[in-house]
Amino acid sequence: MNIKNNKTLRLIKTVTFYILTLFLLAYVSISLFFPEKVIDILGFQITSISTATESMRPNIEPGDIIILKRIKEDSIEEQDVISFFNYARGTDQNGQTVWVKIRIVHRIIDIDDTTGAYITQGDNNTSVDTIYDEFGNVTELTYDQVIGGYVFRVPLVGKVITALRNPVLIGLLIVNIGIVVVIVKLLKKKDPEEDNDTKIEELKEEDKSNDLG
């Protein structure tokens, strides 16, 4: 009976390990090739808060990673913390002004009764957010620009998530995971002595069953 239980336990552990490994590979792959579709495909997303911003302190600290969930438009309310797209002024290699698409995590402090636009502000900021389009024109924040709703945070590990956005590091991670899978599979192969011990135990169990019969 103990042998069967051990085999079942080993099988459960092996299946769980491979499921988690495949899930991690799938998540990393989707994040690499479809970074703006992660939450649409999986229903959630893991992202990091830049160490350069303190706009959501003390509720969300720089360097935290946060979990976002997909949210419906009619479920969004005032005081919800959401992640959304905005544009910020930058410069290209020629020194020309460009508008770069960025992600922001701020709180909805009001919803316009007429347009339904969201008014957002960082908890640590003194003014509301100005929303820009890709041409640098001031516009309103609507549901189309919303990525997801904030669920919870994991402190101080944002640097790891930031590193995972590097394609080279992602490639190395996938290779390493593959190596770990192979090593674990090899280690799970029993040595001859262990096989003999198992067979002896099984024979003893059979003998006991025959005696009882």
>> Restricting to segment 91-129, name every residue that is in contact with a Ser or Thr (Cβ under 8 Å, 6 or more places away or on another chain), small (G, A, S) and under 26 Å from R57 (Cα atoms).
In response: A117, G122
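Only one residue in I66, I71 is assigned to a strand (DSSP E or B), closer than 27 Å to G116 by Cβ, at pLDDT 85 or above and not polar (S, T, N, Q), so which one is that?
Unique residue meeting the criteria: I66.
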> Across segment 3-27, what is the total count of residues that are modelled with pLDDT under 80 and either under 25 Å from L68 (Cα atoms) or out of contact with any helix residue (DSSP H, G or I) (no Cβ under 8 Å at 6 or more places or on another chain) (or both)?
Replying inline: 4
>> Considering only segment 116-123, I want to know if a residue exists there that is assigned by TED's automatic domain parsing to the domain that holds D74, of a type in the set (V, I, T) and over 23 Å from R153 (Cα atoms).
In response: no
> If you scan segment 73-83, which residues turn out to be within 17 Å of V151 (Cβ to Cβ), surrounded by fewer than 15 Cβ atoms within 10 Å (Cβ to Cβ) and among the charged types (D, E, K, R)?
Replying inline: E77
> Restricting attention to segment 84-128, and to residues there that are charged (D, E, K, R) and more than 12 Å from S55 (Cβ to Cβ), which single residue is surrounded by the most Cβ atoms within 10 Å (Cβ to Cβ)?
Replying inline: R103
>> I'd like the full set of residues that are surrounded by fewer than 17 Cβ atoms within 10 Å (Cβ to Cβ) and either in contact with a Cys (Cβ under 8 Å, 6 or more places away or on another chain) or not in a strand (DSSP E or B) (or both), limited to segment 129-144.
In response: T130, D133, E134, F135, G136, N137, E140, T142, Y143, D144
> Assuming E36 fulfils every condition listed in (1) modelled with pLDDT under 90; (2) part of a loop (DSSP other than H, G, I, E, B); (3) surrounded by 14 or more Cβ atoms within 10 Å (Cβ to Cβ) apart from one, which condition is it?
Replying inline: (3)
> If the Cβ limit is 9 Å and pairs must be 6+ apart or interchain, which residue in segment 25-42 that is of a type in the set (G, A, S) pairs with which residue that is in a helix (DSSP H, G or I)?
Replying inline: A26/L42; S29/I170; S29/I174; S31/V38; S31/I170
> Do you know which of the residues in segment 39-59 that are of a type in the set (S, T, Y) and at pLDDT below 80 is surrounded by the most Cβ atoms within 10 Å (Cβ to Cβ)?
Replying inline: S48
>> I need the strands (runs of 3 or more DSSP E) fully contained in segment 76-128, keeping only those with at least 2 residues that are at positive phi and either in contact with a Phe, Trp or Tyr (Cβ under 7 Å, 6 or more places away or on another chain) or modelled with pLDDT of 95 or more (or both).
In response: none
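The values are calculated or read from the model by the stated rules, or taken from the named source; none is laboratory data. Remember, predicted model here, so these are calculated numbers, not experimental data. All Cβ positions, glycine included, derive from the backbone under ideal geometry; neighbour counts span all protein chains shown.
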